[in-house]
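The values are calculated or read from the model by the stated rules, or taken from the named source; none is laboratory data. Please read these numbers as outputs of a predicted model, since none were measured by experiment. Cβ atoms come from the backbone with ideal geometry, glycine included; neighbour counts cover every protein chain shown.
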Amino acid sequence: MTATSQLMIEARGVQKWYPNGFHALRGVDLCVSKGEVVVIMGPSGSGKSTFIRTFNALEEFQEGSISVDGIALSNDLRNIDAIRCDTGMVFQQFNLFPHLTVLENLTLAPVVVRKRRRGDVEAQAMALLERVGIAEQARKYPGQLSGGQQQRVAIARSLCMEPRILLFDEPTSALDPEMVGEVLEVMRDLAADGMTMVVVTHEMGFAREVAHRVVLMSEGQIVEEAPPTVFFTNPRHERSRQFLAQIL
Amino acid sequence: MRPARAAPGSIQRSWAHALRQELFGSPADSLISVLLISTIIAAAFSLVRWALGQAQWAVIQANTTLFAVGRYPVQQQWRLWLLLVLVAALSGLSWGLLRAYPRADRSGQLWPFNDRLAVGLLGFLAAWLPAALALGFPLQWRWCGITALLVAMRWLAGHWGRSWPPGLVKLIPVIWPLLYLFGMVLIAGGLGLPRVSPSEWGGLLLTLLMASFAILLSFPIGVVVALGRRSQLPLLRWSSVLYIEFIRGAPLITLLFLGQNILGYMLPGGWAPDRVWRAAWVLTFFCGAYLAEAVRAGLSAVPPGQLEAARSLGLTMPQALQRVVLPQALRIALPAAVGQFISLLQDTTLLSLIGLLDLLGTARTVMANPEFLGKNAEVYLTLAVLFWCCCAALGLGSRALERRLDPTHSPA
């Protein structure tokens with residue numbers, strides 16, 4: 001948050017067209033420093049999910065540049081794999097692996113990608129499950145858990161790779177209202193620990209309390225970028241006022 | 001405290017009640033039920049009376065060896081017995097270990113009801129079949145011994161498998177292909193064993209050999225072609241589509257005849273040296289094309305988020321496919337694939353039309369023998385029962401596997 005801190009994500013003039021010609025990102029710039037929590041808001045179709053999915057190359061972009069943790073995103077597959085190892089992502093639909101137990105969901109990538117010993121990874125995974133409050137479900141399959149529990153497992157699964165950045169793509173949108181709190185609690189806890197996070201969400205409370213910066217996107221562009229106190233009380237742009245009026 | 005005894009009784013009562021409702025719900029229902037049931041009972045009764053009275057089973061009894069292995073040289077048949085012993089031992093071992101290591105999230109009975117039923121059936125067959133076929137005492141004892149070996153291995157592995165070193169348990173999936181290769185050596189010769197030409201293989205041996213060869217090899221073909229069909233590389237995609245559409249566009253019998261004539265030019269020398277191997281390759285490629293479609297359906301059914309999640313964790317494409325996408329896709333494709341395998345097993349009867357002595361081919365030579373003229377009913381009934389047993393075993397095994405792999409259903 002200080003000007004001297006290290007840049008974890010640096011996106012410059014990112015443009016993306018979908019194959020059908022839709023211009024999804026129209027020159028987006030965003031910098032995220034180490035330890036910063038950035039919340040991206042915006043109406044559906046504004047390109048916010050597409051944007052954070054370019055950070056770990058789940059979406060391609062045609063123009064501009066992105067570098068993550070000092071590694072420039074290029075078509076070089078080794079770069080992409082290196083970035084993905086350091087960048088965890090939490091999805092709206094959890095995307096847990098249904099054929100593996102909760103514990104196996106956590107240990108798969110560290111064992112397969114990082115070539116670590118299973119015993120070590122399992123100990124770490126159990127500690128992470130403890131941290132997100134579901135250690136007693138370790139031997140169950142994802143289908144046997146509630147939505148909130150599944151999303152907490154998904155967060156623990158990302159953490160098990162010891163990422164330096166966590167991306168959240170609407171992590172609470174698919175949850176029943178009474179389960180949103182438990183997931184946000186885990187995210188708050190991570191932010192307090194100094195994790196660098198980029199979060200696409202509509203959770204006002206979370207943005208107000210935890211975010212260092214709130215970014216509003218509309219029609220593939222960043223409209224406003226401000227600390228939450230300013231964004232929620234005194235936005236500069238008319239578009240931001242409209243958006244806030246609609247969701248508050 | 002014992003649970004109340006009423007529970008099972010009440011279930012039975014409601015069962016009987018449901019049956020009565022279904023069969024005798026109204027006067028018209030009752031009439032139809034009585035007519036149908038009496039017809040079925042009469043037909044079954046006649047069949048049993050024919051099978052036990054009029055039918056002359058000597059045609060089967062006199063040709064047991066022919067039906068089992070064709071004209072496989074008598075002095076070399078010990079090799080097949082040895083193979084049978086090994087297969088029985090490893091089957092029992094695998095079966096027991098599967099039960100000893102239940103799925104991670106639940107514990108249950110060591111031997112489920114289906115297992116007990118299967119063992120009972122095996123025991124009955126081992127005791128009754130050799131006697132019914134009028135095999136001599138040594139043969140009867142061999143069958144009983146092999147069955148006992150299977151059951152004993154299953155029991156040992158089931159009760160003590162968990163305390164065996166994990167390295168040994170992990171070896172089992174490796175031992176099966178090795179045993180298959182060793183079995184091929186035992187059957188065909190090599191490694192110091194005298195060669196037995198494929199033209200001397202026959203009967204159930206040839207049928208099972210052809211079917212298992214095609215099933216095992218078509219599986220990797222099906223997976224690769226299914227992936228190829230979804231690939232973004234145009235050449236790979238088009239050649240996959242071309243292969244699938246070519247195979248599916250022609251009847252198997254045409255392909256079998258075609259294979260007999262052109263496969264010798266297409267494959268490297270030594271791959272398809274004779275009619276049996278040519279037919280085996282045609283069956284393999286045939287089954288592979290249909291399997292590819294089943295696997296493709298399975299791949300489409302796995303949500304794209306699964307691949308994204310795996311990739312976002314840093315897994316490479318091959319790792320993501322192997323660990324995340326294919327296990328789910330193959331489980332979904334399993335019922336369709338097994339259906340394909342069952343029809344492949346039955347399609348091996350077409351081999352008799354290109355002059356090979358599979359089960360049906362052997363049966364036709366037996367029926368052409370003047371000594372057994374007019375015994376078609378006995379022979380065909382035996383064949384039908386044999387095929388039914390093989391297909392039922394495949395179906396039961398696949399359903400057990402499906403249940404075991406399904407994370408949302410209760411264990412078998």
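Observations on the model:
- The criterion of being at pLDDT below 90 and either at the interface with another protein chain (Cβ under 10 Å from one of its Cβ atoms) or crowded, with 18+ Cβ neighbours inside 10 Å (or both) does not hold for B:Val325.
- Filtered by the rule that a residue be closer than 27 Å to B:Pro251 by Cα and buried (at least 18 other Cβ atoms within 10 Å of the Cβ), the stretch B:355-378 gives B:Leu356, B:Leu357, B:Asp358, B:Leu359, B:Leu360, B:Gly361, B:Thr362, B:Ala363.
- Selection count where residues are crowded, with 17+ Cβ neighbours inside 10 Å and small (Gly, Ala, Ser), scope the stretch B:137-159: 2
- Subset tally (residues that are free of Cβ contacts under 8 Å to residues at least 40 places away in the same chain, among the hydrophobic types (A, V, I, L, M, F, W, C) and under 21 Å from A:Thr201 (Cα atoms)) for the stretch A:1-59: 3
- Within the stretch B:17-30, being loosely packed, with under 10 Cβ neighbours inside 10 Å and in a helix (DSSP H, G or I) holds for B:Pro27, B:Ala28.
- Boolean, B:Ala336 is surrounded by 19 or more Cβ atoms within 10 Å (Cβ to Cβ) and assigned to a helix (DSSP H, G or I): no
- B:Leu216 within 30 Å of B:Ala297 (Cα to Cα) and either free of Cβ contacts under 8 Å to residues at least 40 places away in the same chain or not assigned by TED's automatic domain parsing to the domain that holds B:Ala333 (or both): yes
- Helices (runs of 4 or more DSSP H) (entirely within the stretch A:3-112) containing at least 3 residues that are within 9 Å of chain B (Cβ to nearest Cβ): A:77-86, A:102-112
- Considering only residues in the stretch B:72-105 that are buried (at least 18 other Cβ atoms within 10 Å of the Cβ) and touching a Lys or Arg at 6+ places or on another chain (Cβ under 6 Å), the one that is modelled with the highest pLDDT turns out to be B:Gly92.
- When the stretch A:113-138 is limited to residues that are more than 10 Å from every other protein chain (Cβ to nearest Cβ) and in a loop (DSSP other than H, G, I, E, B), the one that is nearest to B:Gln322 (Cα to Cα) turns out to be A:Lys115.
- Given (1) at positive phi; (2) crowded, with 23+ Cβ neighbours inside 10 Å, index of the condition A:Ala109 fails: (1)
- Considering B:Ala134, B:Ala126, B:Ala188, the condition of being small (Gly, Ala, Ser), within 22 Å of B:Leu357 (Cβ to Cβ) and surrounded by 12 or more Cβ atoms within 10 Å (Cβ to Cβ) is satisfied by B:Ala188 alone.
- Single residue of the stretch B:293-305 satisfying the filter (hydrophobic (A, V, I, L, M, F, W, C) and more than 10 Å from chain A (Cβ to nearest Cβ)) that is surrounded by the fewest Cβ atoms within 10 Å (Cβ to Cβ): B:Ala301
- Number of residues in the stretch B:199-216 that are assigned to a loop (DSSP other than H, G, I, E, B) and surrounded by fewer than 20 Cβ atoms within 10 Å (Cβ to Cβ): the value is 0.
- Of residues in the stretch A:166-190 being within 19 Å of A:Gly42 (Cα to Cα) and in a strand (DSSP E or B), the one farthest from the chain's Cα centre (by Cα): A:Asp169
- Pairs linking a residue in the stretch B:159-179 that is assigned by TED's automatic domain parsing to the domain that holds B:Val87 to a residue that is surrounded by 10 or more Cβ atoms within 10 Å (Cβ to Cβ) and not aliphatic (A, V, I, L, M), with Cβ atoms under 6 Å and 6 or more positions apart or on different chains, are B:Gly161/B:Gly96; B:Ile172/B:Ser94.
- Taken across the stretch B:116-128, residues that are at pLDDT 85 or above, closer than 16 Å to B:Gly161 by Cβ and of a type in the set (A, V, I, L, M) do not occur at all.
- Residue within the stretch B:306-318 that is at the interface with chain A (Cβ under 9 Å from one of its Cβ atoms), of a type in the set (Lys, Arg) and in contact (Cβ under 8 Å) with a residue 24 or more places away in the chain present: no
- Look at (1) surrounded by fewer than 21 Cβ atoms within 10 Å (Cβ to Cβ); (2) part of a helix (DSSP H, G or I); (3) not polar (S, T, N, Q) and you find that A:Ala154 fails only one, number (1).
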